[in-house]
Amino acid sequence: MRVVIADLKGRGGFVNKDTVVGGYGSRFKGFSWTTNWIERARKLFQNVPSIHSGYLAAIFEQAGHDVRITTEDYIDGDIALILSSLVDYRHEIEWARETKRRFGTRVGFFGAVATHMPELLQDDADFLIKGEPEAAAMRIAAGEVPSGIMASPQIDDLDSLPFPAWHLFNPGRHAVGRSIRASRHSFPVLSSRSCPEHCTYCPHRITASYRARSAENVVDEIEQICKKYGQAYLIFRDPLFTEERDRAIGIAEGILEKKLDVKFECETRLDDLDKPLLDLLHRAGLNTITFGVESMDPATLKRVGRRPIPPEHQREIISYCRDLGISTEGFYVIGFLTDTPESIRATIEYSTELNSTAALFKILTPFPGTPLFKHMKSLITETDWEKFDGYTPTFKHPNMTNEELMHLLGLAYVRFYVRPSFGLNYFGIKTPSEALERLEAYAKRRQLEEHFALFEARAGDQ
């Protein structure tokens, strides 16, 4: 049987799918001078294949089937499995329709939308995989004819899965991640699934419960990648890579023991990091850490189920990473229901004080299936699901208009990236001086003057 796996390249801006936002995906589209060049940079440096597509390819190949991967082209096959996303679902439906028209292929969808919003896809699908897709894929590979909604229970023993079949994806040699200095074959790695935290706004934990692979199994996968491709840059897609400290240590020690030539980045909570662990991970090849800050207000975080992290610890870890040469990127959310323009400005200023290498700012989005979605259902005004992209206001905020939220999002990117210290920090240059402080103060004054003038003008119009 010929199996086509469609990991389609998203349209309109920089589109991330697969494990991003629990599989719903995100779309970053520039809306100002600053955000336009950020969009271009992300398209260039942050573009890797779908990890679930890699697992499905391995399952079907291992069962003896002819597997073809596509990111755009139409390929004749007996069945086609299409990675679904919220931000690009119309494009995915178009591809399914055209594939059926050309070849009569039996088409199905997997991913977050197929699992939680099947009504968007079911008119154009012969089958939908509900849940993590590997269990259903194994049944199809063994001869089951896929039809309707196929329940796909989570696989508890993740070590039993074959490693992703990256040789079918023609991995390219290009810069990836948050550093332009990383130029190697790049691969996503998923060493655990779901998330043990209870943030009400996050879709990562709504499909399955938290499980982790053994450190030995993860190191074996990395060793296989290195044997096939030499130097490798790994992007761990776990929401909390260092949740289990001993397992993270085991992975790092395995990399060092086997002398694997890798650089890698991971996402985690800053309170799951300490200096000895960072030292070990850095020796093993840690290049970049991404982490959530979300808001500087502990009360705001507690209301959405997120455990606050003491600012002193955040500063200490980011500073220590800077000393080691590890890049850092903080994630921030604006537009929590208790937010005001003043609280958002405070969070923006806090991001510049932490001075991570990079920062990502998003607008609060009530994703289907999350507790936040149920809580905010009466406030949701947006009817186009593709606009639930993480950067578009989708609900009526009690304290701000959509225009004000977008203005504050733009201010966040300007304040963080249009600073002299950002460029110095990005390239690891440490030159504190009075002149630099004066330039920083001048940039802040000009940016906030423009911001306050706009808000005052809007207040006068009301």
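Quick one: how many Å² of THR394 are accessible to a 1.4 Å probe, rounded to 10?
0 Å²
Which cross-chain or sequence-distant (5 or more) residues have an amide H under 5 Å from the amide H of PHE264, H modelled 1.01 Å from N in plane?
Counting only residues 5 or more places away or on other chains, the set is LEU234, LEU286, ASN287, THR288.
Can you give me the Cα centroid spacing of segment 234-261 and segment 85-144 in angstrom?
33 Å
Which order do you get for TYR89, TYR332, TYR210 if you rank them by accessible area with a 1.4 Å probe, largest at the top?
TYR210, TYR89, TYR332
Can you give me the % of accessible surface on the chain that is carbon or sulfur? Probe 1.4 Å, all protein chains present, nothing else counted.
So the carbon and sulfur contribution to the accessible surface is 51 percent.
So in the chain, which Cys have no other cysteine's beta-carbon sitting under 4.7 angstrom from theirs?
Among the cysteines of the chain, those whose Cβ sits 4.7 Å or more from every other are CYS195, CYS226, CYS266, CYS321.
Along segment 380-396, what does the Karplus equation 6.51 cos²θ - 1.76 cosθ + 1.60 (θ = phi - 60°) give for ³J(HN,Hα), rounded to whole Hz, x for Gly and Pro?
Couplings: 5, 10, 7, 9, 8, 4, 5, 7, 7, 9, x, 10, 10, x, 10, 8, 7 Hz.
Using θ = phi - 60° and the Karplus relation 6.51 cos²θ - 1.76 cosθ + 1.60, list the HN-Hα couplings for segment 326-341 in order, rounded to whole Hz, with x at every Gly or Pro.
Values, residue by residue: 8, 6, 9, 9, x, 9, 10, 10, 10, x, 4, 4, 8, 5, 10, x Hz.
Rolling a 1.4 angstrom probe over the protein chains, ignoring ligands and nucleic acids, what is the accessible area of MET296 in square angstrom, nearest 10?
Number for this one is 80 Å².
Could you give me the ³J(HN,Hα) list for segment 6-15, computed from phi with Karplus coefficients 6.51, -1.76, 1.60 and θ = phi - 60°, whole Hz, x at Gly and Pro?
Here the 3J(HN,Hα) series is 9, 9, 6, 6, x, 10, x, x, 8, 10 Hz.
Too long at a 32 Å Cα-Cα cut-off: which of LYS130/LYS275; LYS396/LYS430; LYS9/LYS228; LYS43/LYS130; LYS29/LYS228?
LYS130/LYS275; LYS396/LYS430; LYS29/LYS228
What label, among (i) 27.0; (ii) 21.6; (iii) 19.7, belongs to mean projected area of the Cα convex hull in nm² computed from the structure on display?
Derived directly from the coordinates: (ii).
Taking Cα pairs under 8 Å and at least six residues apart, what relative contact order does segment 220-272 come out at, in percent?
With pairs under 8 Å counted, the relative contact order is 53 percent.
Please identify the chymotrypsin sites (Phe, Trp or Tyr not before Pro) of segment 227-278 that satisfy two criteria: DSSP loop assignment and at most 13 other Cβ atoms within 10 Å. Which are they?
Answer in residue order: no site qualifies.
Relative to 2.2 N^0.38 Å, what does the C-alpha radius of gyration of segment 102-167 come to as a ratio? Two decimals please.
1.18
As a test question: what accessible area, to the nearest 10 Å², does LYS377 have when a 1.4 Å probe is rolled over all protein chains in place?
130 Å²
Taking just the alpha carbons, could you work out the radius of gyration and Dmax for segment 214-257, both in angstroms?
10.6, 29
If amide hydrogens are placed 1.01 Å from N in the peptide plane, which non-local residues have theirs closer than 5 Å to the one on GLY292?
Placed amide hydrogens put THR268, LEU270, PHE331 under 5 Å from GLY292.
Just want to confirm a number: the relative contact order over the chain, from Cα pairs under 8 angstrom separated by 6+ residues, in percent.
13 percent
Give me the mean projected area, in nm² to one decimal, of the convex hull enclosing the Cα positions of segment 7-48.
3.0 nm²
Placing unit charges on C-beta atoms (Lys and Arg positive, Asp and Glu negative, everything else neutral), compute the dipole magnitude of the chain about its Cα centre in debye, rounded to 20.
I would put it at about 700 debye.
Explain nothing, just the number: relative contact order of segment 82-122, from Cα pairs under 8 Å at least 6 residues apart, as a whole percent.
Once normalised by length, the contact order is 51 percent.
Rounded to the nearest 500, what is the chain's calculated 222 nm mean residue ellipticity when only DSSP H runs of at least 4 contribute -39500 (n - 2.57) each, over all residues?
-12500 deg cm²/dmol
Would you work out which of THR394, GLY131, HIS116 lies farthest towards the positive end of the dipole of the chain? Charges go on Cβ: Lys and Arg +1, Asp and Glu -1.
So the residue we want is THR394.
So what is the accessible area of the chain per residue, in Å², with the probe set to 1.4 Å?
41 Å²
The values are calculated or read from the model by the stated rules, or taken from the named source; none is laboratory data. In this text, all values refer to a predicted model and were calculated from it rather than measured experimentally. Because the Cβ atoms are built from the backbone with ideal geometry, glycine has one as well, and the counts that use them run over all protein chains shown. Accessible surface areas use protein heavy atoms only, side chains included; no ligands, DNA or RNA. Shrake-Rupley method; radii C 1.70, N 1.55, O 1.52, S 1.80 Å.
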